[in-house]
1. Which order do A:L233, A:L195 fall in if you start with the one that has the fewest other Cβ atoms within 10 Å?
2. Once phi is turned into θ = phi - 60°, what whole-Hz ³J(HN,Hα) does the Karplus curve with 6.51, -1.76 and 1.60 give for every residue of the range A:443-452, x standing for Gly and Pro?
3. Which is farthest toward the positive dipole end of the protein assembly as shown among A:W293, B:I66, A:P126, measuring Cα position about the Cα centre, with Cβ charges +1 (Lys, Arg) and -1 (Asp, Glu)?
4. Lys/Arg Cβ at +1, Asp/Glu Cβ at -1, dipole of the range A:77-118 taken about the Cα centre: which of A:T111, A:V100, A:G78 is farthest positive-ward?
5. Can you list residues from other chains, or at least 5 along the same chain, whose modelled amide H is less than 5 Å from the amide H of A:D291?
6. Using each residue's phi in the range A:262-267, evaluate 6.51 cos²θ - 1.76 cosθ + 1.60 at θ = phi - 60° and report the 3J(HN,Hα) Karplus result to the nearest Hz, with x for Gly and Pro.
7. Quick check for me: using +1 on Lys/Arg Cβ and -1 on Asp/Glu Cβ, what's the dipole size of the range A:364-467 about its Cα centre, in debye to the nearest 20?
8. If each residue's Cβ is checked for other Cβ atoms within 10 Å, how do A:K333, B:K268 rank with the fewest at the top?
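Quick note: the coordinates plus some simple rules give every number you see, no bench work behind them. Owing to the predicted nature of the structure, the values given are computational and were not obtained by experimental measurement. As a convention, Cβ positions derive from the backbone with ideal geometry for all residues, glycine included, and neighbour counts pool all protein chains shown.
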Number of protein chains: 2
Amino acid sequence: MNNLNDKNPKNIYTSKKKIIDSIIPMEKDFAKWYTSVVTKAKLMSYSEVRGCMIFEPYGFAIWENIKNILDFKFKETGHENVYMPMLIPESLLNKEKEHVEGFAPEVAWVTHGGSEKLSEKMCIRPTSETLFCEYYSKNIKSYRDLPKLYNQWCSVIRWEKTVRPFLRNLEFLWQEGHTVHTTPEEAIEETNKMLDLYADFCENFLAISVIKGKKTKKEKFAGAEFTCAIESLMHDGKALQTATTHYFGDKFAKAFNIQFLDKNNKLKHAFQSSWGISTRVIGAIIMVHGDNWGLKIPPKIAPIQVVIVSITKQNEILEKSKEIYEKIIKYFKVKLDTSNKTPGWKYSEYEMLGVPLRLEIGPKDIKNNQIILVRRDTREKVIVPIDNIIEVIFETLDNIQKNMLSNSHKHLNKNIITIKNYKEFKEIAQTKTGLIKTMWCGSALCEEKIKEETGLTSRCIPNEQNFFEKNCICCGKKATLVIYWGIAY
Amino acid sequence: MNNLNDKNPKNIYTSKKKIIDSIIPMEKDFAKWYTSVVTKAKLMSYSEVRGCMIFEPYGFAIWENIKNILDFKFKETGHENVYMPMLIPESLLNKEKEHVEGFAPEVAWVTHGGSEKLSEKMCIRPTSETLFCEYYSKNIKSYRDLPKLYNQWCSVIRWEKTVRPFLRNLEFLWQEGHTVHTTPEEAIEETNKMLDLYADFCENFLAISVIKGKKTKKEKFAGAEFTCAIESLMHDGKALQTATTHYFGDKFAKAFNIQFLDKNNKLKHAFQSSWGISTRVIGAIIMVHGDNWGLKIPPKIAPIQVVIVSITKQNEILEKSKEIYEKIIKYFKVKLDTSNKTPGWKYSEYEMLGVPLRLEIGPKDIKNNQIILVRRDTREKVIVPIDNIIEVIFETLDNIQKNMLSNSHKHLNKNIITIKNYKEFKEIAQTKTGLIKTMWCGSALCEEKIKEETGLTSRCIPNEQNFFEKNCICCGKKATLVIYWGIAY
């Protein structure tokens, strides 16, 4: 990423003023703020195909960092990577009834290969359960073959009607884990374990506070027994589901005939899970952390963690900047900007890109053997001695990471409101954004009624079930669950 | 990869004899030998879709190692990763005449999205020149925006008639670099530089000796001014092109209107290159190094570099094996196999998988504080003291890597024959495999005549042009080039 700006002079950013002017404040129009940030921070570009975006180097580098960390965690927990074909014959997609009903309306169909019409049309994978199941049905014979803990990184296509960069696209990048087990308990354990892994990743790497929970039957994955999800809260008070894990029971195993001989030589159907996280999570990073100066990238996944800006082109300043660059490049992802642009231009540019830490070096600093540190999260400026700069950067990046998580956590908690009365629920739904916590009887009828009358959908049934009322918020009958409602991306 | 076998007991490998029996000797039937190795070494499985294979964990791990090394080298040389959509609208594919003629007959067409017919059909990328060019035409304005040095890792689809695992598939994985420059010289330099990078990678990491050269006009990439390639020679004497780089001149820039303002404020068309290597290279690894015991994976890309086999299940042997595992796992990719399978079974299994180095530990070895080392390349057995085992492994893996390259180099040189007489050429073409080196006038007529009369195609015009005759081997007119002919995969 070293020459990002030198190679891509952005003509629209000709002065500091121009950049700042060009972002629409999020308080004014959150959707427009979002769109201006994703394009101006050069995360993506629009392509010729509706809903298929181009990942620019800076946006793709963030995804690569996310991918590398997760891939390490998956392997550490015993998973192996494979790659399945991108095409699914129609007959294969049709094998599990609920699954095909959920996905068939939104797939891209390949009908011709070269100049010939195919005898059976094929879809581009919207997800790969059917391919994995077909493979497993052929390759699993005995309990000794289990568990199978496979994962793949790939792109998928879903023919969405409305699209938004990162949040909803026809094509997106993701990973999908598909596992097979001898018992329901083991498959459920995997479903929960991977939810924990995703939640831990979101909090400790993306600095995004999340709620872990189950989706309602209405909101679960097509074909799953149940779906777990982590929900996070954006700056505008809307919720975003950042990752999901699914327990399939033996439904797919029965549809695809995935059987194994157990220890007593009895033939049994296997139990499965699947789990995924996609480039959508980049949308969450933007909307949880960003502000009116642009992105804020958490240090642990930042393509550039530290930028060094030389304030003037004086030789001794250039030399000192270079010297510091050489000193810290072994420890951090650093960019040195000695270009001719004005310091103001550079400050705005790297704030837009969300670079966690900026070092400024001017004539006065050299004289005093000091350097100016500017944090992106607080925009706080401090002067520090050059000598122990490495320790200071380590500490500051660590503080930034923690502070970003703490802010996300505070924002989430501040925007959860517990409601015990349906009239109040309806009022609050009109006037406030955020998550509403209520008791619920568990019936789909109440869920639908609430959606109709308030516009809110169920977000998740949190793992922590602390009952605070006896009755369902909607029908007044016996409550069985604590649940969150909200408006979702 | 640690539990590869424990998790995947392979029922067909029930005894040492059975494994060895199950490979068809390469001298008997090379094609069948190849197919039995790719499946028995668990590199891939066949899928429901003709020509789309499944990358099994072991095969995919090899690709991941290749990818990681190359990705590092690309970034080190200033390239950045991006991701373009997988779909190309028909009108976009049609923009460059030669390119569309080359690729349109072999693409998969998407005609429907969900239940609706598309107003314009789209193909799944067979390669992404058109997408990159469209992007560049919008994003390049000035010489300051250049060079653009972008790369992407993705899967592509080409609707091939005949298919073979890794060598020719409907879908394969690859990387494609696409660069834009201000001058032809700079774009040509990039084309040559990337060819050198690929050649260096093949020799120093894959231990495959290669010839660098240019393709003839007939064999070049559809739309390129010229194509460079590296050619390698398989055990059966057939050639395999392992990577290509293309110089486009300003042909695509003119078709897609990629223009920039130069330093004198004049509008100019840009010059481009592209370059790629695919999962096909795994086919080369198999066919250059493999033998009748199975794969031989070069240590530098091996998912398992060292396997430790405990010969009996005695406690002290298991403990010692574990102790050695703990000692060396920090330095190498190691698998410890303490399963109940017989030593013979294990030996055959890891030879099949091509694990470069096997350590055997038995009761006698513990008594003598020694260990048995077995090299996969030479199948040579040596007894070494346990104490300086780390140094010995480093040295042995290094020797294996070097020896494999040396063997590939010898095989290549032994199978190049220089011919000055057309009658002899025709005879040799019928009786011997390998590469035939001749002089050539450069005309497509001679190239076609040779193909018709001998069955051989031009492989490449080597960078090293040491003329050894004045006349073309075919027409007898003035020769302008040294060229290699052969049968290719």
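1. Values: A:L233 29, A:L195 23.
Ranking A:L233, A:L195 by Cβ neighbours within 10 Å, fewest first, gives A:L195, A:L233.
2. Calculated HN-Hα couplings, in order: 8, 5, 4, 4, 4, 5, 4, 4, 4, 5 Hz.
3. Of the options given, the answer is A:P126.
4. A:T111
5. Under 5 Å from the amide H of A:D291 lie the amide H atoms of A:K296, each far enough along the sequence or on another chain.
6. 7, 4, 9, 6, 9, 7
7. On the way: 17 positive and 14 negative charges, 73 e Å.
Dipole of the range A:364-467, to the nearest 20 debye: 340 debye.
8. Working: A:K333 19, B:K268 16.
So the residues, fewest neighbours to most, are B:K268, A:K333.
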